[in-house]
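Just below is one structure, and these are the notes that go with it.
The values are calculated or read from the model by the stated rules, or taken from the named source; none is laboratory data. Because the structure is a prediction, the values reported are computed rather than measured. A quick note on method: Cβ atoms are made from the backbone with ideal geometry, for glycine too, and the neighbour counts reach across all protein chains shown. Remember, those area values only see protein heavy atoms, side chains included, never the ligands or the DNA or RNA. Shrake-Rupley method; radii C 1.70, N 1.55, O 1.52, S 1.80 Å.
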Amino acid sequence: MAEPLFDMSAMDRPRILILGGTTEARELAERLAADLRYDAAISLAGRTADPRPQPLPTRIGGFGGAEGLAAFLKAENIALLIDATHPFAARISHNAAAAADTTGTPLFALRRPVWEAEAGDRWTRVESVAKAVSALGEAPRRVFLAIGRQEAFHFERAPQHSYIVRSVDPVTPPLALPDVTAILACGPFAEADEIELLSEHGVDVVVAKNSGGTATYGKIAAARKLGLDVVMVERHKPADVATVGDCDEALERIHQWLSPVKDRGV
């Protein structure tokens, strides 16, 4: 029988569920783990084969859509839901918003700010990974794909290019392309290391998602230093939920929403 996700002996403490998978989610989990005012847990989608251990009790796997998540929120008496998933995890963010609305559970999103182009950047902005394929053009190029493994299959439409594909886990099934080099690695990635990697492989264009944050920004800074093109997949408009940009703001909002009235001086 599975261990309870929450502390059954501490029913007086508000329960917080973090939908995680990001650096920010882990940082928030670390800080909540040391705060005895709340009973917090984290949920991971399970897309990474060997995820790092988390500082909070952890649930791995999907909920069964918005309805399944809503049922979980009700069954576990969740007082606050925090969407700290990847900025491009649109489906779970949509499900989180729908489940929170259905159950009346307070929800906010922890979203790192987007990267902004700087002097020297050579960005082509596109709306989706599918459109990034066309943005590469027809002439053969050396392409560094740093978009994860879920959508790499789109580039099978452009077999004239040579690809260096970096992901945490292998792309499955393997890409049906004539020239692919796979690199398995997990960030953070330093700028100097990215410059070395891009130079070693003769890359002339980087395809990236505008994830924001510092862990994977090294490739963007490296492309700028090397004068390389970047095809930047921009984020979609987020769900219409309250949003904070870092863990300090998240903790402040948690305290505002969940602390007893006497602690807020009301």
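What to note about this one:
- Among the residues making up region 53-69, those that are surrounded by fewer than 17 Cβ atoms within 10 Å (Cβ to Cβ) and among the small types (Gly, Ala, Ser) are 61, 62, 64, 65, 68.
- Close pairs (7 angstrom Cβ cut-off, 6 or more residues apart or separate chains): touching a residue at least 24 places away in the same chain (Cβ under 8 Å) and under 19 Å from residue 69 (Cβ atoms) in region 15-29, open to solvent by 30 Å² or more (accessible area, probe 1.4 Å) and of a type in the set (S, T, N, Q) anywhere: 15/77; 29/54
- A residue that is over 30 Å from residue 16 (Cβ atoms), free of Cβ contacts under 8 Å to residues at least 24 places away in the same chain and of a type in the set (Val, Ile, Thr) occurs nowhere in region 222-244.
- Strands (runs of 3 or more DSSP E) completely within region 105-199 that count 3 or more residues being more than 20 Å from residue 220 (Cα to Cα) and either among the acidic types (Asp, Glu) or under 17 Å from the mean Cα position of the chain (by Cα) (or both): 107-110
- Residue match in region 101-122 (condition: touching a helix residue (DSSP H, G or I) at 6+ places or on another chain (Cβ under 8 Å), surrounded by fewer than 19 Cβ atoms within 10 Å (Cβ to Cβ) and free of Cβ contacts under 8 Å to residues at least 40 places away in the same chain): yes
- Within region 228-244, the only residue that satisfies the criterion of being within 26 Å of residue 151 (Cα to Cα) and of a type in the set (Gly, Ala, Ser) is 239.
- So residue 180, is it open to solvent by 30 Å² or more (accessible area, probe 1.4 Å), at pLDDT 95 or above, aliphatic (A, V, I, L, M) and more than 23 Å from residue 22 (Cβ to Cβ): yes
- Residues located in region 244-254, provided they are under 16 Å from residue 113 (Cβ atoms) and either open to solvent by 70 Å² or more (accessible area, probe 1.4 Å) or over 18 Å from the mean Cα position of the chain (by Cα) (or both): 248, 249
- Any hit, region 18-32, residues being at pLDDT below 90 and of a type in the set (Gly, Ala, Ser): yes
- Residue ID - least open to solvent (accessible area, probe 1.4 Å), chosen from residues in region 24-39 that are closer than 13 Å to residue 55 by Cα and out of contact with any strand residue (DSSP E or B) (no Cβ under 9 Å at 6 or more places or on another chain): 35
- Output for region 212-235, where each listed residue is open to solvent by less than 10 Å² (accessible area, probe 1.4 Å) and at pLDDT below 95: 212
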